[in-house]
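*Asks:* Sharing a structure below in structure tokens format, with a few things to ask.
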Amino acid sequence: MFGEQQRFVLLLIAPAALLLLLFQVVPIVIGANASFRDWALYNPKKTWIGFDHYAAVISDPAFLYVVLPNTFLFMVLSVAGALVAGLMLALLLNRPFRGQKLVQTILLVPLMVAPVVAAIMIRWIFNDQFGIVNVVLEAIGLEGQPWLVQRWSAFGIILLTDIWLWTPWFTLLLLAGLQSLPKEPFEAAAIDGTTTWRVFRFLTLPMLRPVIVVCVVIRAIDAFRTFDIVWTLTGGGPGRSTELFSLYAYVHAFLNLDLGRGSAAAIIGGLIILVIGVVLYRLVDRIAKA
Amino acid sequence: MQGLARWFVAATAALVAATGGAAAQVKELRVGYQPSPIQDASIAMFEAWGAKNGVKIVKVPNSYGVYVEKMTASLTSNSDQYDVIWHNDDWGQTWAHLLEPTDDVAANKFADKWSMAPVVFANAQGQNTVVPMGQTFSVFFYRSDLVKPEEVPKTLAELVTASKKLQADGKVKFGYVGGMSMNNSWFSWFWSMWGNNCDVLLPPYERDNAKLAAAGWKSSMTEPCMQQTVEYWWDAINTHKIVPRGMPAYDRNEANAVFMSGDAAFTVADSLWWGTFNDPAKSKIAGKVAATRFPLGPDRARPFAWDDIWGWAIPKSIAPERKKLAKEMLEAMMLDKEGQKKLFKATGAPPPNTEFWAEIAAEDSFMKLLKESVLDSPDKVRGAYYFPQWPAVHKAFNDTVTRAVTGKREDIAKVLAEGAPLVSKAAQ
Amino acid sequence: MPIVTRPDFLPGLPKWSRKTLFALALLGICFAFAFPVLWLILTSLRPESGVYYVHRGTEFTLSSFAEVLSDERIVGAFLNSALISTLATVFSLLVTVSSGYMLSRFTGPAPRIWFGTIYVFRCVPYISWVLPLYFVTQSWGIYDTYTGLLLPHIAVHICFFSWLMKGFFDGIDPSMEYAAMIDGCTRWGAFIRVAVPSALPAISALAVLCWLFTWNEFLFALILTGNRVPMITVVMAQFVTEMGLRWNLMAATAVMALVPAFLIALFGQKYVIRGLRI
């Protein structure tokens, strides 16, 4: 039925495809099925209701005017922040200096601790009473802030935590990319006396393009569905002002026990990120090429 | 090494169990719970009974974070995982149709009538579905070294003046601290509302779903009492500065941490915290804490008490012989006087059997206080609502009042009016 | 040879101030990155009455560690987590190396469909399928078993790792494999004996990252475990109760969980940087 090559090709992906089918496709299909039904977790009637859940989510002003803008803003700032920080750190680590190994190890610290625990720790660090940030501010004569009851400072803390958590990733991938660049163009540039900035702008950056594209696209998808650190840090508050899309889905499915509505919200979000991913891939690729 | 050996045994056992060994060994009961002092003490009674009757008690701890959702999913998928599970008034009606009726647990007649009311725990046929574990409710704690019993604030206005005085005298940094964020509304929002003839839905204090529906699930967001409540906390934060500025985002951990550090004179927390507040290993104010009734707002003169239970329930889907065994165990727990005294000692929660209360109160001053000011109080309030949409209503409520209290004072009425339809809608 | 890929730091300044500024900047960066974890370690050493107001008071104690270690489940949870992380790493790589190889070396409808599938499922948020996953593991009778925990942990990495693996193989010249096949090697032989060894740096890099991810993973572990196969993150999550958080115990457990992760990162980073070349 299949040629020898096709058999080989299919066998290569068979184990991955099987696992994917059993433990992702099946649950996702169950979730998708639930999104068309009256499926409360405590009382799964499972009657077909068509697109009612989708209509309810799309017509929810909170979803349209708070949750989605927050999510987009978070995605852009988080990816940009981690990319810039990661690029700077990768450039820094790509030069020899005493203690380079130690610095490199310390930069990996965020990868070593469970994100949820780190988020609790950061929440306490920014507490207005016992948080060390306010203690230090007050010790040097500045006014402590109630960081988590103001929308933008709360948003900033979430962002900072996320960038902290993901910068090591960018650093590792970009550093690996930097170290694999060919030496010749850089040597030629040095002989020409090209400035540091121009070397970076016209040599390093274009040559890192493939790495950056993959990093940005993968990370953007992840950033769009960030959940645990936001839930721990602010729970979407104060008063829903830092709610992201995955929190919206979580609140419906887990808190209100409405699996149908929660799944519908999750699928809408999944579709949005699907499109964004494709657009982003094209866009980043073009920017990096230019 | 011993740990390693034990792990290997456990791992092998798990593998055996996984390969289908979970057969019908009836002399075993599986308890789905959440590790905390009160549940641990209650399970200790199960284990005492099990040791006597040759029944193995298998403890299956669950994390609080996903307890309700996992347990609900487990109950509706009829998966045979637990014989006895932790139950709480908050989801009494959410689970009622999935639980075994417990009317034939004879010792339930000794349970507190108020907290076992059908409105909370009865299924559609009017059968009760819970056996109590202990009474759980919050009380108003104060620093007995700073405030004499006769000086304890009786009204919300007095709470402000007393706090300001203590702060002016340099005794504490803040007068009051209490949780305020989502799922911590009880520790500031709810008690101050209840003390002012106010509640989440109208009419106030009503928990009969039929009557709430007849009133159109109307939220009290636009009532004057709600505006008073929000303005009270707004002033407490910004004008009088008697509470921490970050308090609208506080959960119970943060509020209790501030209180236990000695930085605040008053708080509201679950009576179960009595033991922790007075434990020198955990608290800087051990031995300097007392409790009393809640201060009241301008619209209410009669004191009130909040009283609910935690309990145990039996999934409907398990085999009849397991149900029978589970009921025997719960019956024995209800009658275990020594165990229940230990439960009170370990937690400060009044035990489930009301017959023991007088005796414990005679021996323990905290129990005496709880009995007088809460358990025997004629004016009681229930801590939650008893319909499945309650978590959604609670969240809509908390989001609205948080927005109002963190915004401008002149916008409070506007924000509450915007939130009113959201609260009502969440209930339907 | 001039080292031109490493241009001078702030070239306008005199050498000594450059050095000082550089050192200060490094110190600042390291401090910012390590601070939350340093603070966590400090927290875990404070007596329970001081775990929130860490800065107030100077008493330190190991009592939280002692209390955690007295829980007999903890040793088992550590071993379980290590076992699951290791097995998940091994099997994730086994299935994704071949899948990435396929994506990189072949063209036509099959690879295109597979890449599309991977991309689509990468986009579906966890929230929408952890709960159905719980139903699925239950109905197949593998809930709360090693199998029921391991397989989803492998499945979750498939999309991401296949994608990265494709990138790695793209960077490796396929002519060696063709040469091997001309010499009489089968396709499988060329893949296993030629392609896989040349991708080993990348594979070891992913191994380190996969291990760290699984070790620190919370949501899956929480939903998919009961009491028979407790993972360390699940034990940590059980310190959150309706009555509040046992923060001292959680911090102590988290610090203990940090040690293996630290060792893996310390000895693995060299492979990670050598291997992560897309």
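Every number in this text was worked out from the coordinates using simple rules, so none of it is lab data. The model shown is predicted, which means the values in this text are computed figures rather than measured ones. Neighbour counts run over all protein chains shown; Cβ positions are idealised from the backbone, glycine included.
*Asks:* Grab the DSSP H runs of chain C that are 4 residues or longer, score each as -39,500 (n - 2.57), total them, divide by all residues and round the 222 nm result to the nearest 500 deg cm²/dmol. Could the numbers behind the result be given before it?
*Replies:* Working: 11 runs with 187 residues, N = 278.
The per-residue figure over chain C is -22500 deg cm²/dmol.
*Asks:* Okay, moving on. Below 8 Å between Cα atoms, with a sequence gap of 6+, how large is the relative contact order for chain A in percent?
*Replies:* Working: 287 pairs, mean separation 82.1, N = 290.
Relative CO of chain A lands at 28 percent.
*Asks:* With charges only on Cβ, +1 for K and R and -1 for D and E, what is the dipole size of the stretch A:1-153 about its Cα centre, in debye, rounded to 20? Before the final figure, lay out the partial values.
*Replies:* Details: 9 positive and 7 negative charges, 98 e Å.
Dipole magnitude for the stretch A:1-153 comes out near 460 debye.
*Asks:* Note down the nm distance, to one decimal, between modelled labels 7 Å out along Cα→Cβ at A:Arg209 and at A:Asp60.
*Replies:* With each label placed 7 Å out from Cα toward Cβ, I get 4.2 nm.
*Asks:* Take every residue in peptide A:166-176, count the Cβ atoms of other chains within 10 Å of its Cβ, and give the average of those counts. Mind showing how you got there, number by number?
*Replies:* Values: counts 0, 1, 6, 2, 0, 2, 8, 8, 1, 5, 10.
Mean shielding count: 4.
*Asks:* What distance in nm lies between label points placed 7 Å from Cα along the C-beta direction at B:Trp114 and B:Asp299?
*Replies:* The two pseudo-label positions are separated by 2.1 nm.
*Asks:* Oh, and also: Provide the three semi-axes, in whole Å and in decreasing order, of the ellipsoid equivalent to the stretch B:240-318 as defined by the square roots of 5 times the Cα gyration tensor eigenvalues. Provide the component values of the computation, followed by the final result.
*Replies:* Working: eigenvalues 147, 86, 44 Å².
Equivalent-ellipsoid dimensions as semi-axes: 27, 21, 15 Å.
*Asks:* Further question: Calculate, in whole percent, how much of the Cα-Cα pair population of the stretch C:151-203 lies beyond 13 Å.
*Replies:* More than 13 Å apart: 62 percent of the Cα pairs in the stretch C:151-203.
*Asks:* Still on this structure, please answer the following. Ignoring solvent entirely, what values of log10 I(q)/I(0) come out of the Debye formula for the stretch C:1-145 at 0.15, 0.21 Å⁻¹ when each Cα is a single scatterer?
*Replies:* -1.05, -1.28
*Asks:* Read phi for every residue in the stretch B:341-353 and hand back ³J(HN,Hα) as whole Hz from Karplus 6.51 cos²θ - 1.76 cosθ + 1.60, θ = phi - 60°, with x for Gly and Pro.
*Replies:* With the stated coefficients, the stretch B:341-353 comes to 5, 5, 4, 5, 4, 6, 10, x, 9, x, x, x, 8 Hz.
*Asks:* Additional query: Compute the distribution of all C-alpha to C-alpha distances in the stretch C:62-151, in bins of 5 Å from 0, and list the percent of pairs in each, rounded to whole numbers.
*Replies:* Reading the bins upward from 0: 3, 10, 12, 14, 18, 15, 11, 7, 4, 3, 2, 1, 0.
*Asks:* Same structure, new question: All other residues with a Cβ under 14 Å from the Cβ of B:Gln125 taken together, and with Lys, Arg as +1 and Asp, Glu as -1, what is their net charge?
*Replies:* Numbers: positive: B:Lys316; negative: B:Glu100, B:Asp103, B:Asp104.
That works out to -2.
*Asks:* Under a 10 Å cutoff between Cα atoms, tell me which one of B:Thr129, B:Thr161, B:Thr402 has the largest fluctuation in the Gaussian network model of chain B.
*Replies:* B:Thr161
*Asks:* Separate question: Quote the convex hull volume per residue of the stretch B:306-368, based on C-alpha atoms, as a whole number of Å³. Before the final figure, lay out the partial values.
*Replies:* Values: hull volume 6.1 nm³, N = 63.
For the stretch B:306-368, the hull spanned by Cα atoms encloses 96 Å³ per residue.
*Asks:* Each label point is 7 Å from the Cα along the Cα-to-Cβ direction; what then is the distance between the points at A:Leu10 and B:Glu321, in nm?
*Replies:* 5.0
*Asks:* Give the residue from C:Ser104, C:Ala88, C:Leu149 lying farthest towards the positive end of the charge dipole for the stretch C:69-172; charges sit on Cβ (+1 for Lys and Arg, -1 for Asp and Glu) and the dipole is referred to the Cα centre.
*Replies:* Selected residue: C:Ser104.
*Asks:* Be a star and scan the stretch B:225-247 for residues whose amide nitrogen sits under 17 Å from the point 7 Å along the Cα-to-Cβ vector of A:Glu143.
*Replies:* Label zone hits: B:235-247.
*Asks:* Give the separation of the Cα centroids, the stretch B:123-191 to the stretch C:204-278, in Å.
*Replies:* 38
*Asks:* Next question, about the same structure. Do you know the relative contact order of chain B, to the nearest whole percent, from alpha carbon pairs under 8 angstrom that are 6+ apart? Let's see the in-between values first.
*Replies:* On the way: 731 pairs, mean separation 106.7, N = 428.
RCO, chain B: 25 percent.
*Asks:* Report, to two decimal places, the Cα Rg of the stretch C:127-174 normalised by 2.2 N^0.38 Å (N = number of residues).
*Replies:* On the way: Rg = 15.3 Å, N = 48, 2.2 N^0.38 = 9.6 Å.
My calculation over the Cα atoms of the stretch C:127-174 gives 1.59.
*Asks:* Starting at 0 and stepping by 5 Å, how many percent of the alpha carbon pairs of the stretch B:31-84 end up in each bin?
*Replies:* 4, 19, 25, 22, 16, 11, 3
*Asks:* P(r) of chain B in 10 Å steps, Cα pairs, percent per bin?
*Replies:* Per 10 Å bin, starting at zero, the Cα-Cα P(r) for chain B comes out as 4, 20, 29, 25, 15, 6, 1 percent.
*Asks:* FRET efficiency for B:Glu372 and A:Leu181, Cβ-Cβ distance as r, R0 = 56 Å, nearest 0.05?
*Replies:* 0.10
*Asks:* While we're on this one: Pull out the extension gain between B:Ala124 and B:Lys241, defined as 0.36 nm times the separation in residues minus the alpha carbon to alpha carbon distance; nm, one decimal.
*Replies:* Values: separation 117, 0.36 × 117 = 42.12 nm, distance 4.88 nm.
Length difference between fully extended and current span is 37.2 nm.
*Asks:* Report for the protein assembly as shown the percent antiparallel among DSSP-assigned beta bridges with both residues inside it, nearest 5. Could you put the intermediate results ahead of the total?
*Replies:* Values: 27 of 41 bridges.
Roughly 65 percent of the beta bridges in the protein assembly as shown run antiparallel, per DSSP.
*Asks:* While we're looking at this one, here's another question. What value, in deg cm²/dmol to 500, does the helix sum -39500 (n - 2.57) over DSSP H runs of n ≥ 4 give at 222 nm once divided by the residues of chain B? The partial results should precede the final answer.
*Replies:* Working: 17 runs with 177 residues, N = 428.
-12500 deg cm²/dmol, from helical runs alone.
*Asks:* In µm²/s, what is D for the protein assembly as shown at 10 °C and 1.306 mPa s, where D = kT/(6 pi eta Rh) by Stokes-Einstein and Rh is the Kirkwood radius from Cα pairs?
*Replies:* Numbers: Rh = 30.3 Å.
In µm²/s, the coefficient rounds to 52.
*Asks:* Greater than 32 Å separation of Cα atoms is the criterion. Which listed pairs, A:Lys101/A:Lys183; B:Lys316/B:Lys371; B:Lys164/B:Lys218; B:Lys218/B:Lys327; B:Lys113/B:Lys241, meet it?
*Replies:* Numbers: A:Lys101/A:Lys183 22 Å; B:Lys316/B:Lys371 34 Å; B:Lys164/B:Lys218 37 Å; B:Lys218/B:Lys327 40 Å; B:Lys113/B:Lys241 41 Å.
In this structure, B:Lys316/B:Lys371; B:Lys164/B:Lys218; B:Lys218/B:Lys327; B:Lys113/B:Lys241 exceed 32 Å between Cα atoms.
*Asks:* Between the stretch B:326-367 and the stretch C:136-154, how far is it from one alpha carbon centroid to the other, in angstrom?
*Replies:* Result: 40 Å between the Cα centres.
*Asks:* Please identify the trypsin sites (Lys or Arg not before Pro) of the stretch B:221-278 that satisfy two criteria: DSSP loop assignment and at most 16 other Cβ atoms within 10 Å. Which are they? Mind showing how you got there, number by number?
*Replies:* Working: sites: B:Lys241, B:Arg245, B:Arg252; in loops: B:Lys241, B:Arg245.
Loop-located and lightly packed - B:Lys241.
*Asks:* Follow-up. Starting from the coordinates of the alpha-carbon atoms of the stretch C:112-262, obtain the Kirkwood hydrodynamic radius over all distinct pairs and give the value in Å to one decimal. Before the final figure, lay out the partial values.
*Replies:* On the way: mean 1/r = 0.0542 Å⁻¹.
That comes to 18.4 Å for the stretch C:112-262.
*Asks:* While we're looking at this one, here's another question. For a Förster distance of 41 Å, can you work out the FRET efficiency between the beta-carbons of A:Val275 and B:Glu418, rounded to the nearest 0.05? Display every interim value, and only then the final one.
*Replies:* On the way: r = 32 Å, r/R0 = 0.78.
Between A:Val275 and B:Glu418 the formula returns 0.80.
*Asks:* Give, to the nearest whole percent, the P(r) tail of the stretch B:15-140 beyond 17 angstrom, counting all Cα pairs. Don't skip to the answer; put the middle values down first.
*Replies:* Working: 5084 of 7875 pairs.
Summing the P(r) of the stretch B:15-140 above 17 Å gives 65 percent of all pairs.
*Asks:* Which three semi-axes in whole Å describe the equivalent ellipsoid of the stretch A:207-275, each the square root of 5 times a Cα gyration tensor eigenvalue, listed largest first? Present the calculation step by step, with values, prior to reporting the outcome.
*Replies:* Numbers: eigenvalues 147, 47, 12 Å².
Value: 27, 15, 8 Å, ordered largest first.
*Asks:* On average over all directions, what projected area in square nanometres does chain A have, based on the convex hull of its Cα atoms?
*Replies:* Values: hull surface 91.3 nm².
Spelled out: convex hull of the Cα atoms, projected over all directions, averaged, 22.8 nm².
*Asks:* Using only the Cα atoms of the stretch A:1-157, what semi-axes does the equivalent ellipsoid have when each is the square root of 5 times a gyration tensor eigenvalue? Give whole Å, largest first. Can you show the working numbers first?
*Replies:* Details: eigenvalues 354, 206, 47 Å².
Whole-Å semi-axes of the equivalent ellipsoid: 42, 32, 15.
*Asks:* Taking chain B as a Gaussian network, Cα atoms linked when under 10 Å apart, which of B:Gly179, B:Gly287, B:Gly311 shows the biggest mean-square fluctuation?
*Replies:* B:Gly287
*Asks:* Taking the Kirkwood radius as the inverse of the mean 1/r across Cα pairs, report the Rg/Rh of the stretch A:80-184.
*Replies:* Numbers: Rg = 16.9 Å, Rh = 15.6 Å.
With Rg and the Kirkwood Rh in hand, the quotient comes to 1.08.
*Asks:* With a cut-off of 8 Å between alpha carbons and a minimum separation of six or more residues, what is the relative contact order of the stretch B:169-303 in percent?
*Replies:* Details: 184 pairs, mean separation 48.4, N = 135.
Reported as a whole number, the value is 36 percent.
*Asks:* 5 Å is the cut-off here: which amide hydrogens, built 1.01 Å from N in the peptide plane, fall below it relative to B:Leu296, excluding neighbours closer than 5 in sequence?
*Replies:* For B:Leu296, whose amide H was placed from the backbone, the distant partners under 5 Å are B:Thr155, B:Leu156.
*Asks:* Would you work out which of B:Pro37, A:Gly262, B:Tyr386 lies farthest towards the positive end of the dipole of the protein assembly as shown? Charges go on Cβ: Lys and Arg +1, Asp and Glu -1.
*Replies:* A:Gly262
*Asks:* Can you give me the C-alpha center-to-center distance between the stretch A:58-74 and the stretch C:37-103, rounded to a whole angstrom?
*Replies:* Between the Cα centre of the stretch A:58-74 and that of the stretch C:37-103, the gap is 35 Å.
*Asks:* Still on this structure: Pop the C-beta distance of A:Leu73 and B:Asp379 into the FRET formula with R0 = 51 Å and round what comes out to the nearest 0.05.
*Replies:* Details: r = 48 Å, r/R0 = 0.95.
It comes out at approximately 0.60.
*Asks:* Right, next: With a 10 Å cut-off between alpha carbons and a GNM built on chain A, which of A:Ser180, A:Ser153, A:Ser246 moves the most?
*Replies:* Result for chain A, Cα springs under 10 Å: A:Ser180 fluctuates most.
*Asks:* Taking just the alpha-carbon atoms of chain C, what radius of gyration and Dmax come out, in angstrom?
*Replies:* Taking only Cα atoms of chain C, I get Rg and Dmax of 23.6, 74 Å.
*Asks:* Still on this structure, please answer the following. Using unit Cβ charges (K, R positive; D, E negative) and no other charged atoms, how large, in debye to the nearest 20, is the dipole of the stretch A:154-272 about its Cα centre?
*Replies:* Numbers: 8 positive and 8 negative charges, 32 e Å.
For this selection, approximately 160 debye.
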